[in-house]
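Some notes on the structure that comes next.
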Amino acid sequence: MKTLVLSVDRDNDLGEKTGLPGPVIGRDECLKAATELGIKDPEETDTNAIFKSVQLFDTLKKEGKDVEIAIVTGNKYLGEKADRTIADQLDMVLDKVKPQKAILVSDGVSDEAMMPILQSRVKIDHVHRFEFTKFKILKWEEKIYAILRYINHDSIRIGIGVPVTLFMIFYGAFAVTGYLNTPKNIIGGSILVVIGVFFLTRALLLQERVRDYFKMVRRDIKTASLSPIMALVAMILLVIGSFFSYDEVVKETGWVATWQAFLLFALSITWWVSAAILLRLGGAFIDNYIRFHKIKPAFLHDTMQVVAFSFIIYGMLIGLYFFLVQYPTGGSFPLLEVLLYIIVGVITAALSATIYRVAKSVKKKTLRSRPRPLRGPPTLSGEDLSFTSGLEGNG
């Protein structure tokens, strides 16, 4: 029974710091990856996770177990991108290694958050947890430095930094306006908003995201891609939708800072936002089809999910608008309309998930049914023995 020792680098520190793409399969390749990552950043915890995986691999190998080792990487922005990348890489690893079970080597909660995705593809026989000793230092200033480096980790920065900075921004804005009976303090509130915005840009890596986006745009323009054009059209559509929604709210309420105004704006702009997102996805879909001449299930899944969430959100907003605005004046609850939107959204989401899973299952079976290339016969050249055709078969 073959066992896979698996190390998960969810935020793709390996790729970002060394340029090595995932997945990485095999002891020598994993050891090389850990060494390069350690040289680039000696304090990176993922380095220790990979070394621990290699150590566990060697231990199982000495016990006579049939074992293989691999590293899968995600995306530096975490979230759905990271999960989808890890899922795709894990499919590649499983197709090549064909293990019956796996051991996950984990150095924290972020890696173990991937358990549902991993368990849906392979049996996780054991989770090998280890703690990296960070504080075997004596000086208090060194401890503070280590804590600051730990806070800068992606999971901490997003999980704690984003909510805290959003609270600073909203509380500061309320302090400036005196909204919701907040003690009015224009200077203090303004300072709090500025600090919150600054740290929010750092927490979300907005500078890096903007830089990466413009790099992508330049690359797409050079390859005559439709994505930048569709993205620009989507942004224009979003701006137009914002103006139309604002105009509708002003006609109804005069844009008084009330829940009625905010809900009307949200109701009006929902479909504009959906159309903008669908345009952006449409550009990516057309580019992918022109380049690879095939339709990826992920594009259909994303499109249907956008439509589904739009219906559900719109239905919920209608219900919320009734309770906060129309109910106090004796209006009748639009139950049929709310249920219709939510039911259509739920059915669309379920259909999308079903189609995506079926397509992935068919793809996995197709890959496994393909015959593996055979090594060619050795050819002699002088005193050297070269396996040219075999290497080409594995190329």
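Output yes when any residue across the stretch 285-300 is over 20 Å from the mean Cα position of the chain (by Cα), surrounded by 16 or more Cβ atoms within 10 Å (Cβ to Cβ) and either free of Cβ contacts under 8 Å to residues at least 24 places away in the same chain or more than 21 Å from L340 (Cβ to Cβ) (or both), and no when none is. First the steps, then the outcome.
Of all residues in the stretch 285-300, those over 20 Å from the mean Cα position of the chain (by Cα) come to 286-287, 289-295.
Filter once more, keeping what is surrounded by 16 or more Cβ atoms within 10 Å (Cβ to Cβ): 287.
Applying the additional criterion that residues be either free of Cβ contacts under 8 Å to residues at least 24 places away in the same chain or more than 21 Å from L340 (Cβ to Cβ) (or both) yields 287.
Yes, the stretch 285-300 has at least one match.
If only one of T85, T35, T45, T59 is of a type in the set (S, T, N, Q) and in contact with an Asp or Glu (Cβ under 6 Å, 6 or more places away or on another chain), which one is it? Even if it seems obvious, please write down each step before you answer.
On the way: T85 fails: in contact with an Asp or Glu (Cβ under 6 Å, 6 or more places away or on another chain); T35 fails: in contact with an Asp or Glu (Cβ under 6 Å, 6 or more places away or on another chain); T59 fails: in contact with an Asp or Glu (Cβ under 6 Å, 6 or more places away or on another chain).
Exactly one residue qualifies, and that residue is T45.
Among what's in the stretch 3-30 and is touching a helix residue (DSSP H, G or I) at 6+ places or on another chain (Cβ under 8 Å) and of a type in the set (G, A, S), pick the residue that is nearest to E63 (Cα to Cα). Walk me through it before giving the result.
Within the stretch 3-30, the subset touching a helix residue (DSSP H, G or I) at 6+ places or on another chain (Cβ under 8 Å) is 3-14, 17-18, 20-25, 27, 30.
After this cut, where a residue has to be of a type in the set (G, A, S) as well, the list is 7, 22.
Working: S7: 20, G22: 28 Å.
My answer is S7.
Listed residues V210, V249; which is more than 22 Å from the chain's Cα centre (by Cα) and in a helix (DSSP H, G or I)?
Working: V210 fails: more than 22 Å from the chain's Cα centre (by Cα).
After applying the criteria, what remains is V249.
Could you tell me which of the residues F244, F309, F265 is surrounded by 15 or more Cβ atoms within 10 Å (Cβ to Cβ), touching a residue at least 24 places away in the same chain (Cβ under 8 Å) and of a type in the set (F, W, Y)? Give the steps one after another, and end with the answer.
Numbers: F244 fails: surrounded by 15 or more Cβ atoms within 10 Å (Cβ to Cβ); F265 fails: touching a residue at least 24 places away in the same chain (Cβ under 8 Å).
Selected residue: F309, the only one of F244, F309, F265 that is surrounded by 15 or more Cβ atoms within 10 Å (Cβ to Cβ), touching a residue at least 24 places away in the same chain (Cβ under 8 Å) and of a type in the set (F, W, Y).
Limited to the stretch 14-35, what total is found for residues that are without any contact (Cβ under 8 Å) to a residue 60 or more places away in the chain, acidic (D, E) and under 23 Å from E208 (Cα atoms)?
Count: 0.
Run down G189, G196 and say which single residue is surrounded by 16 or more Cβ atoms within 10 Å (Cβ to Cβ) and under 30 Å from K76 (Cβ atoms). Please lay out each step first, then the result.
On the way: G189 fails: under 30 Å from K76 (Cβ atoms).
Criteria check complete, one pass: G196.
Just a yes or no: is a residue in the stretch 206-219 at pLDDT 80 or above, touching a helix residue (DSSP H, G or I) at 6+ places or on another chain (Cβ under 6 Å) and more than 25 Å from V164 (Cβ to Cβ)? Spell out the reasoning first.
Of the stretch 206-219, the ones at pLDDT 80 or above are none.
For the stretch 206-219, residues at pLDDT 80 or above, touching a helix residue (DSSP H, G or I) at 6+ places or on another chain (Cβ under 6 Å) and more than 25 Å from V164 (Cβ to Cβ): absent.
The values are calculated or read from the model by the stated rules, or taken from the named source; none is laboratory data. In this text, all values refer to a predicted model and were calculated from it rather than measured experimentally. So basically every Cβ, Gly included, is an ideal-geometry build from the backbone, and we count neighbours across all protein chains shown.
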